[in-house]
1. Among the residues of the stretch 124-150, which ones are closer than 20 Å to residue 11 by Cα, assigned to a strand (DSSP E or B), without any contact (Cβ under 8 Å) to a residue 60 or more places away in the chain and of a type outside the set (A, V, I, L, M, F, W, C)?
2. For residue 86, which of the numbered conditions (1) of a type outside the set (Ser, Thr, Tyr); (2) touching a residue at least 60 places away in the same chain (Cβ under 8 Å); (3) not in a strand (DSSP E or B) fails to hold?
3. Which of the residues spanning the stretch 34-65 are surrounded by fewer than 16 Cβ atoms within 10 Å (Cβ to Cβ) and among the acidic types (Asp, Glu)?
4. Looking only at the stretch 139-161, how many residues end up being of a type in the set (D, E, K, R) and either surrounded by 16 or more Cβ atoms within 10 Å (Cβ to Cβ) or within 22 Å of residue 33 (Cα to Cα) (or both)?
5. Are any residues in the stretch 5-27 assigned to a loop (DSSP other than H, G, I, E, B) and either among the charged types (D, E, K, R) or free of Cβ contacts under 8 Å to residues at least 60 places away in the same chain (or both), and if so, which ones?
6. Do the conditions hold for residue 31, that is, is it surrounded by fewer than 12 Cβ atoms within 10 Å (Cβ to Cβ), of a type outside the set (A, V, I, L, M, F, W, C) and assigned to a helix (DSSP H, G or I)?
7. Please determine, by comparing only the residues of the stretch 14-28 that are buried (at least 18 other Cβ atoms within 10 Å of the Cβ) and out of contact with any Phe, Trp or Tyr (no Cβ under 8 Å at 6 or more places or on another chain), which one is farthest from residue 90 (Cα to Cα).
8. Which of (1) part of a loop (DSSP other than H, G, I, E, B); (2) in contact with a Leu (Cβ under 9 Å, 6 or more places away or on another chain) does residue 52 not meet, given it meets every other one?
Amino acid sequence: MTEALVDTETERAVERFLFREAKLLDAGNFEDWLDLFAPDGIYWIPSRPGQTDSRGVASIIYEDRTILAMRVRRLVQGRALVLAPAPRTAHMVSNIEVVSADPLVAESALLVAEYRDGDRRIFAGRCRHALVRIDGGLHIAEKRVELIDCDGVFGAITIPL
C-alpha cells in the first residue's frame with residue numbers, strides 16, 4: 001500500500017476547495033471565484049495535448065489574475081454581449097487526487113455542461129490545481145484545464161471552466 005502524500009485533513013480540505021470552486025462557477029459567483037486565486041495566480045487552458053510551454057505556444061486561455069479580474073468585471077457588469085442570455089453550467093469534479101504535498105498539487109477529472117439560448121456544449125478533461133496557503137486558506141497558484149479535445153475548434157469560452 002502506498003503512503004499518503006498528505007494527511008486526511010489536507011486531502012479533505014483540497015476536495016472541499018475544488019467542490020466549492022465548481023459551485024461558485026455554477027452559481028455565477030465570479031467575484032468570489034476570482035478571490036480563490038493567489039495574487040499571482042494563473043488560469044490556463046492549453047491548446048495542445050501535453051503542452052508545457054504557456055508563452056511560446058498559443059493557448060486557448062492563459063490569464064493571470066489581472067486579466068481574470070477584467071474577465072470577471074465584464075461577466076458581472078453584463079458587458080459581455082456573448083452572454084445574453086446568460087449561460088447555465090454544471091461543473092462535475094471527480095477523481096480528486098493530491099499528487100504532490102510540497103508544492104500542494106491536486107489533479108481531478110472535470111466535466112462541464114453548458115446551456116445557453118438552446119445550445120448545449122460539453123467540456124471534458126483533467127484539471128491540475130497548484131495550491132498555496134494564504135492566511136490559513138487555500139488559493140490557486142495555477143489552474144490548468146487540459147481538455148480532451150484541446151486541439152479542436154472552439155467558440156468563445158466565456159464562463160470559466
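1. 126, 128, 133, 137
2. Status for residue 86: all satisfied but (2).
3. Those that are surrounded by fewer than 16 Cβ atoms within 10 Å (Cβ to Cβ) and among the acidic types (Asp, Glu): 35, 40, 53, 64.
4. 4
5. 7, 27
6. no
7. 14
8. The single condition residue 52 does not satisfy is (2).
The values are calculated or read from the model by the stated rules, or taken from the named source; none is laboratory data. Please read all numbers here as calculations on a predicted model, not as lab measurements. Virtual Cβ from ideal backbone geometry, glycine too; neighbours counted across all protein chains shown.
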